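The block underneath contains the structure these notes are about, expressed in structure tokens.
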Amino acid sequence: MARVTVEDCIIKIPNRFELVVLAAQRANDIAAGSPLTIERNNDKNPVIALREIAGETVSFDELRRELVDGFRQHVELDETEREMADMLSEEQGISFAASQEDFEDLLDDESINIIDADDINQNSFALEEELEEQIT
């Protein structure tokens, strides 16, 4: 039954690779609780996804957008979310909108001390020796 559905889908989305990726995205959406646009009929999620694509009951553009959003590492905030982030950052003294140049400026700033692991070990040994001397 899925083979007929795949053949029907190729008419709607000629690129087989794109078809597979979009069907997988839709199947994942269904597994995550997205409402079905057709009856289940005891079919599994990938078959339902293919049937929805064949019947054009889902938006291909929406599936493409969801797919791209899933790979995105930087999430775009809308106006309200950005205002909330700015309010939180002002309260906590944190800036969410730092650019690469800001980070480079911080790294170039000589007032920032970078602590070497060897220095930490030497200081901890010196403190241990002082404590031993005080105890004895």
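Values quoted throughout were computed directly from the atomic coordinates according to the rules given, and no laboratory measurement underlies them. Note that this is a predicted model, so its numbers are computed, not measured. All Cβ positions, glycine included, derive from the backbone under ideal geometry; neighbour counts span all protein chains shown.
Points to keep in mind about this one:
- Every pair of residues 6+ apart whose Cβ atoms lie under 8 Å, when the first sits in the stretch 19-43 and is over 14 Å from Thr57 (Cα atoms) while the second is among the β-branched types (Val, Ile, Thr) and part of a loop (DSSP other than H, G, I, E, B): Leu19/Ile13
- Answer residue from the stretch 17-54, given it is of a type in the set (D, E, K, R) and closer than 16 Å to Leu67 by Cα and is farthest from the chain's Cα centre (by Cα) among those: Glu18
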